[in-house]
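Here, each number is a calculation from the coordinates, and none is a lab measurement. Because the structure is predicted, anything quoted here is derived from the model rather than measured. Cβ: placed from backbone, ideal geometry, glycine included. Neighbour counts: every protein chain shown.
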Amino acid sequence: MKRGYQQSSPSGSHGPPQSKPRYNPEGDEQFLEDESTKIFAQKVADHYSARTNQTLEEREASPIIHLKKLNNWIKSVLIQLYAKQGDAVLDLACGKGGDLIKWDKAKISYYVGIDISDGSIEDCRTRYNGDADHHQRRKKFSFPARLLCGDCFEVRLDRALIDDAPFDVCSCQFALHYSWSTEARARRALANISALLRPGGVFIGTMPDSNVIIKKLREAEGLAFGNSVYRVRFGEEFAEKKFKYSSPFGIQYSFHLEDAVDCPEWIVPFPVFKLLAEECDLELVFVKNFHLFVDEYLKKPEFVELMRRLGALGDNQDQSTLSPDEWEVAYLYLTFVLRKRGKPDQPRTNNRRDRGKMQLSKGKMQLSKEDIVFIRNDV
């Protein structure tokens with residue numbers, strides 16, 4: 001499989017930083033899934049639903065705590081770069097709501113979160129309400145919200161969110177690769193995003209870097225590679241370590257990350273991802289491996305201070321820092337930004353007051369269990 005973008009890791013990245021085929025199915029029937037795909041999707045949902053919320057002490061004791069903090073820094077930088085005050089945000093695969101504070105700091109006006117896991121959505125609800133015991137006491141969030149439970153890579157979301165769209169920003173963090181098990185799911189994911197973004201709106205995300213994963217597989221003696229905190233294993237069907245550009249979907253591997261992930265994942269060949277995105281009127285703004293992203297944005301003072309506060313590289317109280325093994329895991333991921341083609345109907349700054357009133361009528365500032373909407377394909 002050919003590399004889709006020419007990027008190499010920056011100099012010094014051996015260790016942590018110091019402090020064109022066309023795929024064109026027609027009609028909605030092409031988005032139907034088989035039962036095996038749904039089983040895998042449910043397995044991923046069950047994995048994340050079963051993960052319990054951690055206390056601050058438990059979180060700090062994690063063997064990958066600095067990697068988690070680095071991931072939070074990367075997401076925070078993306079949000080600061082592309083979310084503007086008053087934006088309406090769609091958070092796909094929102095999980096337990098770990099990015100809610102980041103969106104609050106961006107002063108957004110409206111938030112819709114969707115996740116396949118009912119357990120995660122319930123945790124997101126309690127986090128939004130400030131009811132969870134493990135959370136630090138904090139003021140209420142400044143934006144109204146809606147939460148939905150459903151598979152955003154299967155369900156047609158423009159029908160479920162007809163009264164909420166368009167959105168200014170769509171975010172999907174560490175989850176889009178779960179849509180790549182079949183062409184139908186990959187297409188549905190991108191079709192949903194395009195349908196719900198306003199012209200000029202942005203799609204920001206993070207996902208595994210297929211170039212790096214395949215490169216490491218080919219360098220490994222067998223079909224597995226990793227270190228003390230992660231392990232990737234491919235099945236025997238990939239014994240030749242060759243991948244056809246004409247068959248870019250359903251390339252499955254197992255991924256284990258200490259204190260985080262242990263479930264099947266799928267390769268996302270970036271040239272095909274970019275092609276499908278373009279067919280959905282989503283143009284690539286940039287794609288960067290995590291190592292390159294860190295190298296570039298740590299040169300900006302405001303993001304250096306953010307890194308210090310988050311503590312990924314240590315801070316004044318904690319001199320510990322990202323380990324070499326954690327830094328190797330970071331190399332497995334990339335960031336990307338896409339923009340919806342077209343010119344906005346009106347400037348984003350217009351009618352913020354009226355828009356805020358409308359969004360408050362759709363979302364709520366306090367969410368009950370009954371407020372969670374469960375969506376299916378027949379919505």
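Using the average count of surrounding beta-carbon atoms within 10 Å as a protection proxy, the listed peptides 169-175, 273-279 rank, highest first, as 169-175, 273-279.
Working ranking of peptides 235-244, 282-291, 333-342 by packing, defined as the average number of other Cβ atoms within 10 Å per residue, highest first, is 333-342, 282-291, 235-244.
Counting 0.36 nm for each residue step from Arg231 to Lys362 and taking away their Cα separation leaves a gain of 42.8 nm.
What the Cβ-Cβ distance of Asp131 and Ser320 gives, at R0 = 45 Å and to the nearest 0.05, is a FRET efficiency of 0.90.
Taking amide H positions as modeled 1.01 Å from N, with prolines and chain starts lacking one, the residues under 5 Å from Gly200 and 5 or more places away or on another chain are Lys340, Arg341, Gly342. Full extension of the chain between Glu283 and Ser62 gives 75.8 nm of extra length, using 0.36 nm per residue less the Cα-Cα distance.
Across the stretch 104-113, computed HN-Hα scalar couplings (Karplus, 6.51 cos²θ - 1.76 cosθ + 1.60, θ = phi - 60°) run 5, 5, 7, 6, 6, 9, 7, 9, 10, x Hz from first to last residue, x flagging Gly and Pro.
Taking the stretch 79-93 and a reference point 7 angstrom along Cα→Cβ of Asp262, no backbone N atom is nearer than 16 Å.
Computed extension length for Leu275-Asp371: 30.8 nm, one decimal, from 0.36 nm per residue of separation with the Cα-Cα distance subtracted.
Can you compute 3J(HN,Hα) from phi for each residue in the stretch 196-208, using the Karplus curve 6.51 cos²θ - 1.76 cosθ + 1.60 with θ = phi - 60°, rounded to whole Hz and x for Gly and Pro? These are the phi-based 3J(HN,Hα) values: 9, 7, 6, x, x, x, 10, 10, 10, x, 9, 6, x Hz. For the stretch 215-220, putting each phi into the Karplus relation 6.51 cos²θ - 1.76 cosθ + 1.60 with θ = phi - 60° gives couplings of 4, 5, 4, 5, 7, 6 Hz, in residue order, rounded to whole numbers and with x for Gly and Pro. Working note: Debye formula, equal point scatterers on the alpha-carbon atoms of the stretch 195-236, no solvent; log10 I(q)/I(0) at q = 0.16, 0.19, 0.24 Å⁻¹ is -0.56, -0.64, -0.86. Sorting the segments 263-272, 106-115 by their mean number of nearby beta carbons within 10 angstrom, highest to lowest, gives 106-115, 263-272.
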